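The numbers here are math on the coordinates, done by the rules we state, and not lab data. This one's a predicted model, so the numbers in the text were calculated from it and none came from an experiment. Backbone-built Cβ (ideal geometry, glycine too); neighbour counts: all protein chains shown.
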């Protein structure tokens with residue numbers, strides 16, 4: 001493990017310890033901790049949708065459907081079948097991935113607007129199907145789910161999701177996905193099986209959304225099939241995070257997910273004007289940063305160190321010290 | 001006739017609805033040939049390339065390449081068998097750098113599973129380094145090393161065409177199809193391109209088939225030329241033979257009234 005990885009682990013562990021410390025001191029209340037847990041779950045959703053929309057360039061707006069499948073499937077397994085939480089969580093994710101393959105194979109032949117509409121339709125089908133299954137509560141919602149997800153669980157799963165997706169993007173498989181976004185025809189003539197990679201990206205995205213769903217239902221202890229929970233309102237929420245953060249930027253998605261989950265809380269003092277201010281903020285950001293907060297850029301140690309060198313470069317030049325890249 | 005040609009196309013026809021874009025094409029290309037494909041606009045040259053690379057499905061006929069039947073195969077499969085191409089309207093990965101463009105093309109050379117990619121194991125590092133090495137070597141050959149970290153969209157036009165050739169080369173092709181490689185190039189760039197194409201053929205042993213409108217270039221470069229007109233192969237032969245062929249002159253200049 002390199003020095004930078006150690007620093008990263010240190011920072012991530014530090015954030016967790018600070019949160020725990022603030023909780024034990026009574027600075028952060030249970031409600032605040034719940035918001036932080038939702039931040040983690042939203043980061044998972046935004047980053048996994050970014051793999052499909054931002055990196056592979058397949059415009060999907062049915063992501064909440066997979067979130068719903070994971071939420072309901074894992075809850076059903078723990079409540080009705082008494083399955084251990086972690087196992088149910090993974091199976092929920094795998095089930096979402098399986099549905100992802102089934103939806104991806106026919107719809108990913110479509111492009112652009114047509115794909116968006118098809119995924120929107122499939123998202124709603126998933127929601128309506130869940131709405132009509134009495135075993136999971138139907139329209140009343142599914143209650144009595146054990147609250148097995150803690151802030152720590154969500155935090156760890158969020159970090160794992162980000163690492164796995166980041167590594168995937170920088171592998172040859174991720175490059176194939178990016179090539180499809182850039183020019184599908186050219187990718188195909190370079191030996192990339194574009195259908196395979198489009199479905200793969202869709203499936204991986206669906207898996208992590210399902211995982212986020214399982215975490216969510218066991219975090220809140222209750223889930224219902226409303227549009228803003230697992231329907232298209234939720235899909236749009238996730239899409240806004242991805243677009244606002246920057247299509248094709250993992251750090252952008254993380255920043256936007258944090259920002260958009262926290263901002264309604266900070267605007268709470270504005271009461272009903274909150275829903276006016278929130279969209280105005282979105283409009284302003286899109287006006288001034290049309291390619292998202294980070295565009296396609298990533299914030300990484302390389303970027304930080306080159307920034308550091310640029311800032312300190314002048315001083316070092318005066319002293320005649322050469323910079324080295326380590 | 002060579003009993004073992006690299007590429008042999010027999011009775012190839014392509015219909016778009018009622019339009020016959022290619023009709024009954026029969027041709028063979030030997031290993032190590034440098035062949036030109038000419039013809040007036042709309043003669044079906046690019047359609048022929050699209051059919052060879054699997055972007056277009058033939059209506060009838062057969063395409064045999066290095067012992068494999070490529071008829072009706074997927075484009076990615078054909079690429080893996082060793083046919084690479086460039087495009088008439090440049091199709092680079094615009095928001096990626098020059099080197100990243102080539103790393104994408106390394107897809108077939110680099111070999112590891114999803115899991116290895118996610119875990120970044122030693123195999124991942126070795127394979128990636130080998131791919132990068134190869135990409136840099138090709139970049140050296142086409143003379144774009146100094147642009148390695150520039151966005152491909154920012155390259156001058158001639159360099160973009162070269163990068164497309166480089167990207168095709170990374171896939172280690174046996175047959176390279178160049179669709180109007182000199183289009184839009186100035187005379188100096190065209191000269192560089194000529195020597196690059198000769199080098200690819202003589203030193204790397206790649207068989208080349210190129211479409212070109214610059215007659216001078218084709219006549220200078222190619223020892224064998226095919227002429228298409230209205231989807232039909234109307235002539236083939238050496239530059240001298242083509243130049244004096246009645247049908248070719250008619251196709252280009254029109255028949256006497």
- Message: What are the equivalent ellipsoid semi-axes of segment A:1-134, built from the alpha-carbon gyration tensor (square roots of five times its eigenvalues), in whole angstrom, biggest first?
- Response: 32, 22, 15
- Query: In percent, what relative contact order does chain A have, based on Cα pairs under 8 Å that are 6 or more apart in sequence?
  - Reply: 28 percent
- What percentage of all Cα-Cα pairs in segment B:177-247 are separated by more than 15 Å? 57 percent
- Note on the structure: In Å, the Kirkwood estimate of hydrodynamic radius for segment B:1-88 over Cα pairs equals 13.4 Å
- Cβ crowding within 10 Å averaged over residues, with A:88-100, A:152-164 ranked highest first: A:88-100, A:152-164
- Item | segment B:49-146: relative contact order in percent, alpha carbon pairs under 8 Å with at least 6 residues between | 17 percent
- Item | Tail fraction, Cα-Cα pairs, segment A:139-285, threshold 24 Å, whole percent | 46 percent
- Rounded to the nearest 10 degrees, the helix B:187-202 long axis (Cα) sits at an angle to the longest Cα principal axis of chain B of 80 degrees
- Task: Give the dimensionless ratio obtained when the Cα radius of gyration of chain A is divided by 2.2 N^0.38 Å.
- Result: 1.05
- Query: How big is segment B:94-172 on each of its three principal axes, counting only the C-alpha atoms and giving the largest first in Å?
  - Reply: 39, 23, 18
- Query: What is the average number of partner chain Cβ atoms found within 10 Å of a Cβ in B:125-133?
  - Reply: 1
- Note on the structure: The Cα radius of gyration of chain B, divided by 2.2 N^0.38 Å with N its residue count, comes to 1.06
- Task: Go ahead and estimate [θ] at 222 nm for chain B from helices alone: -39,500 (n - 2.57) per DSSP H run with n ≥ 4, summed, over the residue count, rounded to 500.
- Result: -11500 deg cm²/dmol
- Listed highest first by mean packing, meaning other Cβ atoms within 10 Å per residue, what order do A:234-243, B:143-152 come in? A:234-243, B:143-152
- Message: Let me check against my output: what whole-number percent is the relative contact order of segment B:94-172, with C-alpha pairs under 8 Å and at least 6 apart?
- Response: 49 percent
- Task: Compute the separation of the alpha-carbon centres of segment A:197-265 and segment A:1-17 and state it in Å as a whole number.
- Result: 25 Å
- Rg/Rh ratio calculated on Cα atoms of the protein assembly as shown (Kirkwood radius): 1.06
- Query: How do A:259-270, A:126-137, A:274-285, B:223-234 rank on mean C-beta neighbours within 10 Å, highest first?
  - Reply: B:223-234, A:126-137, A:259-270, A:274-285
- Using a 10 Å cut-off on Cβ to Cβ distances, tally the other chain neighbours for every residue of A:180-187 and report the average as a whole number. 6
- Taking r as the C-beta separation of residue A:306 and residue B:244 and R0 as 51 Å, the FRET efficiency to the nearest 0.05 is 0.20
- Between segment B:186-216 and segment B:37-86, how many Å separate their Cα centres? 21 Å
- Note on the structure: A chain fully extended from residue B:149 to residue B:188 at 0.36 nm per residue, minus the present Cα-Cα distance, gains in nm 11.6 nm
- Query: Which three extents, in whole angstrom, do the alpha-carbon atoms of segment A:103-189 cover along their principal axes, largest first?
  - Reply: 52, 34, 16
- Query: Antiparallel DSSP bridges in chain B: what percent, to the nearest 5?
  - Reply: 55 percent
- Message: Using only Cα atoms and rounding to the nearest 10 degrees, what angle (0 to 90) does helix B:157-170 make with the longest principal axis of chain B?
- Response: 70 degrees
- Note on the structure: segment A:202-224 scanned against label point 7 Å out from residue A:133 along Cα→C-beta; backbone N under 20 Å for A:203-224
- Counting only other chains, what is the mean number of Cβ atoms within 10 angstrom of the Cβ of each residue in peptide B:72-83? 4
